[in-house]
1. For the range A:229-242, name all the residues that are at pLDDT 90 or above, open to solvent by 10 Å² or more (accessible area, probe 1.4 Å) and not charged (D, E, K, R).
2. Scan (1) at negative phi; (2) hydrophobic (A, V, I, L, M, F, W, C); (3) surrounded by 18 or more Cβ atoms within 10 Å (Cβ to Cβ) for the single condition B:Ile283 breaks and write down its number.
3. If we only count helices (runs of 4 or more DSSP H) wholly inside the range B:56-166, which ones have 3 or more residues that are among the small types (Gly, Ala, Ser) and modelled with pLDDT of 95 or more?
4. Any idea which of (1) at pLDDT 95 or above; (2) β-branched (Val, Ile, Thr); (3) surrounded by fewer than 21 Cβ atoms within 10 Å (Cβ to Cβ) is the one B:Ile260 doesn't satisfy?
5. Of everything in the range B:115-134, what is surrounded by fewer than 23 Cβ atoms within 10 Å (Cβ to Cβ) and closer than 30 Å to A:Ala371 by Cβ? Give them in sequence order.
6. Going through the range A:135-151 one residue at a time, which ones are among the hydrophobic types (A, V, I, L, M, F, W, C), open to solvent by less than 10 Å² (accessible area, probe 1.4 Å) and over 25 Å from A:Ser75 (Cα atoms)?
7. What are the residue pairs meeting all of these: first residue in the range B:29-40, first residue crowded, with 16+ Cβ neighbours inside 10 Å, second residue aromatic (Phe, Trp, Tyr), Cβ atoms under 6 Å, and 6 or more apart or on different chains?
Protein chains: 2
Amino acid sequence: MINVLNPNKSDWKSLVKRPYFNNKSIVKTVSEVFKNVKKNGDASIKNYTFKFDKIKNDVIKVEKKIIFESESRISKDLKNAIDLAFKNIYKFHSSQVITKKKIQIQDGIHCWQEKRPINNVGFYIPGGTAPLFSTVLMLGIPSLIAKCSNKILCSPPNKNLEISPEILYACKVCGIKDVFMVGGAQAIAAMTFGTESIPKVDKIFGPGNQYVTEAKQYSMNFGISIDMPAGPSELLILADNSANPKYVAADLLSQAEHGIDSQVVLVSNSKNLIDQVSKELNIQKNSLSRLKIINKSLENSKSIFFKSIDDAIEFINEYAPEHYIINVENEEYCISNLSSAGSVFIGNYTPESAGDYASGTNHTLPTNGYAKQYSGVNTDSFFKTITFQKISKRGLNSISSAIQTMALSEGLDAHKQAVSIRTNDDEN
Amino acid sequence: MINVLNPNKSDWKSLVKRPYFNNKSIVKTVSEVFKNVKKNGDASIKNYTFKFDKIKNDVIKVEKKIIFESESRISKDLKNAIDLAFKNIYKFHSSQVITKKKIQIQDGIHCWQEKRPINNVGFYIPGGTAPLFSTVLMLGIPSLIAKCSNKILCSPPNKNLEISPEILYACKVCGIKDVFMVGGAQAIAAMTFGTESIPKVDKIFGPGNQYVTEAKQYSMNFGISIDMPAGPSELLILADNSANPKYVAADLLSQAEHGIDSQVVLVSNSKNLIDQVSKELNIQKNSLSRLKIINKSLENSKSIFFKSIDDAIEFINEYAPEHYIINVENEEYCISNLSSAGSVFIGNYTPESAGDYASGTNHTLPTNGYAKQYSGVNTDSFFKTITFQKISKRGLNSISSAIQTMALSEGLDAHKQAVSIRTNDDEN
């Protein structure tokens, strides 16, 4: 970890920068994949799976029976853990549903909003050694609550042309019935255009490697929307002397193990705490299986001492962390002065791991400073808001002169006429 | 207008297509503009304004005094109209603000969401003969309610290096103090990177020509978010025999006057109504100043007869209109079966013009079928949602085994350790 002492504001811009990765060659591959998948559908999916993943997937879709029976292939403990997480995530995401509020703007003018589900949604779940079934829950549960009618999921198969039973069981509990064994940019292209096997969707969610990330961004050129632009995961902890350095170190390590491009930042007004955390990091990390990754991502990481807590807060708002642990005496002050973060964890007993899995909140969050303008995935991510209005003749009369004056000032006389033809109509 | 009778479902895909425009040459210009503005800031803004608009803008920023005095340069009628519109739009958009709801997920586990304003927002308002001051209200009012701290606006100046007093007065009532005389892709590039005069923003809103639209899309490559992808404006009316053909025709014309690429669609289960509306169109259009535009956009437009109202509704959901007028006897049935639209106008006395200006709803809406997955601009467009959680030691104990089991199954033992180090700690 790099140690920074009371940095000047002029240095903040470089301090909030995330580790950079170049994606120029990726863009070219992705656009090629899109072209081919659009033209050749399933055939090109199979070709790419063979080319990139060395797997022959003659079958693309997972049989319903295999999803249904996935339960029997996972341990009882894991089933119980998933079921508990499901319950908590469902509870929190249900609470986000808003009820319709009809507003009387003036006598005879009523306006309101109604939510409707985005009908066709697609999820991408990375494969690899560790199956990210928790992300299936994070995307599947709010889509279940929003009642999205068509939910599909793509994930790369293993060498035996299988998707892990953990992922399939998470699909089952979330009512995701259409699961396809395809990964990478070709999966995103398939969901963008549709193929013989894989239906086209309107919005794509989920994490992935740099190819998937770029493909999601690229899909927007074809009328698809995406959950949010992605980047490597990150955690910032604000801690003072009231924090337990052992816990702080454990939280930093839990984030650092994600990948070599992950970033963890410790901000504190206590040099003593920074020292103690540093010592704890060196002790704790040695017992962890992903030590190599952790060492690499700690190189990208910083501990920053700020004399003034207000400077620290201002810096954190500029950084806009994906995950933000507030571990200080005066937590209320830090909460009310927070302007940008993805998900916030408060106090000594709220590790980021809790929100990653089972406390109820979502773990699909804006990285790379995007928390300045993006929200994490929540139930609203699966809805669109439609505006309604109903006006009576009397209501229209009361605003007709304003509408006509404004329309004429904008040079739009047909807009004026749509009002005057009604208000001047004596028949009614 | 093209007449279509009871189309087969196989034809729907082509029927919902919007008029197409090619933008390949535009992309090249836009990327060039971005490169130059990033490198040369204000100097390149001035160059482009001279090159594209033939205007020498030695001054880029509008003096505060000119904004303040704008009121005296518009008519009393227009001022009153804007003030009424402001009041109604403010009322509806205020009603959209959500209050915090703390959820107890389990004993000792509390989760909630809080909204925070997107601090730096930029608005683009097109210039031209008719100043679109109504759009200033539609973007400015919700940003005022959300308390966005930095709001800037760019709009191309006229030959006298001025922005119209209507636009400036709308800025004044919305508290937009930083107004810049620059249009086109160079304005979007300036808000993306910042220049000596124009501050960088995090999110860009507002309509524009094809260059502006492409530039907004392009800005997303540099970490900017935008209100929504744009396209030409459109209106679909569903009308039966209970509708007044005069009003229906007037509404179609009000949309058709926007531009030659606008599209209007009439859907009905009454051949008689379609005939009468067609006759009315031919009568009414002749008194309108924008007849040439109207004739051109009517060429892109369709009237579609459906024998069954259910087919009509299904087709409309597939079309996903930006503006949708429901003018039928059984309006409740149509509302509850609607899945995709931007803004809906119900009954004989709710012309689209009302929502364009003064009823209270927003007029910045998803076009081109994007209503399937995008919402129009609303107060929420100026907020991001942050998730918070606070867990007690007892709360953590109750979910610790689930978290640890899940973390291990995903191969993340540092995630497990962040929990176990707390729950195994006897000191506390």
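The values are calculated or read from the model by the stated rules, or taken from the named source; none is laboratory data. Please read all numbers here as calculations on a predicted model, not as lab measurements. Every residue, glycine as well, gets a Cβ built from its backbone with ideal geometry; the counts of neighbours run over all protein chains shown. Surface accessibility is based on the protein's heavy atoms, side chains included, excluding ligands, DNA and RNA. Shrake-Rupley method; radii C 1.70, N 1.55, O 1.52, S 1.80 Å.
1. Filtering the range A:229-242 down to residues at pLDDT 90 or above leaves A:229, A:233-242.
Now restrict to residues that are open to solvent by 10 Å² or more (accessible area, probe 1.4 Å): A:229, A:233, A:240-242.
Selection gives A:Pro229, A:Ser233, A:Asn241, A:Ser242.
2. With respect to (1) at negative phi; (2) hydrophobic (A, V, I, L, M, F, W, C); (3) surrounded by 18 or more Cβ atoms within 10 Å (Cβ to Cβ), B:Ile283 is out only on (3).
3. Working: elements: B:64-69, B:76-94, B:133-145.
Where helices (runs of 4 or more DSSP H) fall fully within the range B:56-166 and carry at least 3 residues being among the small types (Gly, Ala, Ser) and modelled with pLDDT of 95 or more, they are B:76-94, B:133-145.
4. Of the numbered conditions (1) at pLDDT 95 or above; (2) β-branched (Val, Ile, Thr); (3) surrounded by fewer than 21 Cβ atoms within 10 Å (Cβ to Cβ), the odd one out for B:Ile260 is (1).
5. B:Lys115, B:Arg116, B:Pro117, B:Asn119, B:Asn120
6. Across the range A:135-151, the qualifying residues are A:Ala146, A:Cys148.
7. Once the first residue is crowded, with 16+ Cβ neighbours inside 10 Å and sits in the range B:29-40, its partners that are aromatic (Phe, Trp, Tyr) give B:Val30/B:Tyr218; B:Lys38/B:Phe193.
Table: residues versus (1) open to solvent by less than 20 Å² (accessible area, probe 1.4 Å); (2) assigned by TED's automatic domain parsing to the domain that holds A:Ser72; (3) not hydrophobic (A, V, I, L, M, F, W, C).
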position	(1), (2), (3)
A:Asn158	no, yes, yes
A:Glu162	no, yes, yes
A:Gly183	yes, yes, yes
A:Met191	yes, yes, no
A:Thr195	no, yes, yes
A:Ile198	yes, yes, no
A:Lys203	no, yes, yes
